[in-house]
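Data block below; observations after.
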Amino acid sequence: MKSIPINTDNPPTVILELIYRLKVKEVMSSSLFTAEKTTSLRTIQKLMRRESITGVPIVQGKRILGIVSMDDIIQALDHGHIEEPAENFMSRNLIVLEDDMPISFAISYFDKYSYHRFPVLNKKQELVGMITPRDIASRLLLEFNREIDSIERISSHDSVVGIKETRVRKFTVRKHDFENAGYASTEIKKYLKSMNYESALIRKASIASYELEINLAVHSAGGEMIAEFTENKLVITAKDSGPGIPDIEKALTEGFSTANSWIRTLGFGAGMGLPNVQRVADDFSITSDLDTGTTVTAAIYLK
Amino acid sequence: MKSNILSKTLHYTQIYVPDQEIEISSGYTSDLLSDVMGNAQENCALITIQGHKNTVAVASLIGIRTIILCNNRKAPEEMIAAAKEHAIALYSTADTQFTASWKLAHLLEHNGELKRNI
């Protein structure tokens, strides 16, 4: 039986994009209920009941030693060792996930192994959460809702001739995805062209959108581009989820760049991205927070 | 000046040429895409060693239709595919960017005619 009926090899693009973009750490539950190896199975049983959970990781400090599952508890009740310490009966053959993995890994692990949950470790091998098929399913549903919402917004406005009302398009930009970076800007340009705007305006819009899109791919953990077209102006918003800009003043200075050397070999990192956007935009704003990320808004007046 | 001068007069290799008569009105030499984006003029020939499909993307966005790859840099398949998609001419040459730049400047100045041996 498949735990999560999603084909991870060749799903539709939206799904593929989603299961690679979402990381295990964003989906897992990080409020952990743990026990120590000397804890009795009885105590663990009560913990399970109280917290409505079906598996308890046994830890020493932040290191995971094993897991006691509901099944182990049933066995213990059956065989009369419910008062014994966890270490004698916990499962030690652990299969773990890393918090930085995309959830596509988690989905295929649930398909491959019969476990109902996987412990999640960080790079330091510390236990940071647990993930269940339910965590994944509910998060995916949430994301699907969002996708459908934006698809509906796009298609409901596609039939509009001329920009009579706001037309919104959203694009997801993934970290270091230079294969697809440029797609949003090309779409924005195509649309303006189809509306017969003069080429100087299209050029300004192209510069602003391309630079913002590349910034997301180069510097952010991933984010989205939102283009809102109205009769008189185009508002481009580039929003990411981090890591934030420590010194905005510097980022707006021509020639200043934090791009690493392999990104520079691709021709990026001239330190002119944001200055270019600022130069062509009629309105420009940037806010950045080291916890929540950066939002840049650039408006181009279309008249 | 028309783009076919690059193959006819300068003997630059045609990697992909959608049209022999693309207008070239100036040149811009750079490997930094944001720099190109911010400063290059429409209808210029871009002289670069940046053999990557992103170069084509930038060119297309700002109306550059001719790219000259210097120092015998190879154009990867995706770059050629992108050039086809956006109808952008790709040339390559063993010339350095400096040499290609002054040759192009010379031709532009003399309306496509060679006034000296190059």
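The values are calculated or read from the model by the stated rules, or taken from the named source; none is laboratory data. This structure is a prediction, so every number in the text was calculated from the model and none was measured. With ideal geometry, Cβ positions are generated from the backbone for all residues, glycine too; neighbour counts draw on all protein chains shown. Just the protein is used for accessible areas: all its heavy atoms, side chains included, with ligands, DNA and RNA removed. Shrake-Rupley method; radii C 1.70, N 1.55, O 1.52, S 1.80 Å.
Structure summary
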read-out: At 1.002 mPa s and 20 °C, Stokes diffusion of chain B via Kirkwood alpha-carbon radius, µm² per second; value: 156 µm²/s
read-out: Carbon plus sulfur fraction of accessible area for the stretch A:1-91, probe 1.4 Å, in percent; value: 49 percent
read-out: Heavy-atom accessible area ranking, 1.4 Å probe, most first, across A:Val128, A:Val218; value: A:Val128, A:Val218
read-out: Under 24 Å, Cα to Cα: Lys pairs in the stretch A:1-118, sequence gap 8 or more or different chains; value: 10
read-out: Fraction of antiparallel bridges per DSSP, the protein assembly as shown only, in percent to nearest 5; value: 75 percent
read-out: Neighbouring partner chain Cβ atoms per residue of A:263-269, average, 10 Å criterion; value: 5
read-out: Most positive-pole-ward Cα, B:Gln14, A:Ser40, A:Ser52, against dipole of the protein assembly as shown from beta carbon charges; value: B:Gln14
read-out: Average Cα contact separation per residue, chain B, under 8 Å, 6 or more apart, as relative contact order %; value: 29 percent
read-out: Expected 222 nm ellipticity per residue - DSSP helices of 4 or more, -39500 (n - 2.57), all of the protein assembly as shown, to 500; value: -11500 deg cm²/dmol
read-out: Normalised per residue, the volume of the convex hull around the Cα set of the protein assembly as shown (Å³); value: 170 Å³
read-out: Computed label-point distance, nm, for sites B:Gln14 and A:Ser194 using a 7 Å Cα→Cβ extension; value: 3.3 nm
read-out: Cα→Cβ-extended label distance, 7 Å offset, between A:Ser31 and B:Ala87, nm; value: 6.0 nm
read-out: Relative contact order %, chain A, counting alpha carbon pairs below 8 Å whose residues are six or more apart; value: 14 percent
read-out: Within 10 Å of each Cβ in B:25-37, the average number of Cβ atoms from other chains; value: 5
read-out: Accessible surface, per residue, of chain A when the full set of protein chains is kept, probe 1.4 Å, Å²; value: 52 Å²
read-out: Helix B:97-109 axis, angle to chain B major axis (alpha carbon atoms, nearest 10°); value: 60 degrees
read-out: Contour minus Cα-Cα distance for A:Arg92 and A:Asn7 (0.36 nm per residue); value: 27.6 nm
read-out: Burial order of peptide ranges A:44-53, A:27-36 (average beta-carbon count within 10 Å, highest first); value: A:27-36, A:44-53
read-out: FRET E, pair B:Arg116, B:Glu23, Förster distance 30 Å, beta-carbon r, rounded to 0.05; value: 0.80
read-out: DSSP bridge orientation in chain B - percent antiparallel, rounded to nearest 5; value: 25 percent
read-out: Spatial separation of Cα centroids for the stretch A:166-203 and the stretch A:111-128, in angstrom; value: 40 Å
read-out: Residue-averaged beta-carbon neighbours from other chains (10 angstrom radius) around B:62-68; value: 2
read-out: Span-like helix ranges in chain A, DSSP H, alpha carbon extent 20 angstrom or more, Kyte mean at least 1.6; value: none
read-out: R0 of 56 Å, Cβ-Cβ distance A:Asn180-A:Thr38: FRET efficiency to nearest 0.05; value: 0.60
read-out: Folded to 0 to 90 degrees: helix B:77-86 orientation relative to chain B principal axis, Cα; value: 80 degrees
read-out: Acute angle (nearest 10 degrees) that the helix B:53-62 long axis makes with the longest principal axis of chain B, alpha-carbon atoms; value: 70 degrees
read-out: For the pair A and B, total buried accessible area rounded to nearest 100 Å², probe 1.4 Å; value: 1800 Å²
read-out: Fraction of beta bridges assigned by DSSP in the stretch A:8-142 that are antiparallel (%, nearest 5); value: 80 percent
read-out: Burial order of peptide ranges B:75-86, A:290-301 (average beta-carbon count within 10 Å, highest first); value: A:290-301, B:75-86
read-out: Relative contact order (%) - the stretch A:55-160, alpha-carbon pairs under 8 angstrom, separation at least six; value: 20 percent
read-out: Cβ-based charge dipole, chain B, positive-most Cα from B:Ala59, B:Cys44, B:Leu104; value: B:Leu104
read-out: R0 of 35 Å, Cβ-Cβ distance B:Glu77-A:Thr287: FRET efficiency to nearest 0.05; value: 0.30
read-out: Dipole magnitude of the protein assembly as shown, debye to nearest 20 (Cβ charges: Lys/Arg +1, Asp/Glu -1, about Cα centre); value: 360 debye
read-out: Mean projected area (nm²) of the alpha-carbon convex hull when the stretch A:13-137 is viewed from all directions; value: 7.6 nm²
read-out: Segment A:His116-A:Tyr20, extension gain: residue separation times 0.36 nm, minus the distance between their alpha carbons; value: 32.4 nm
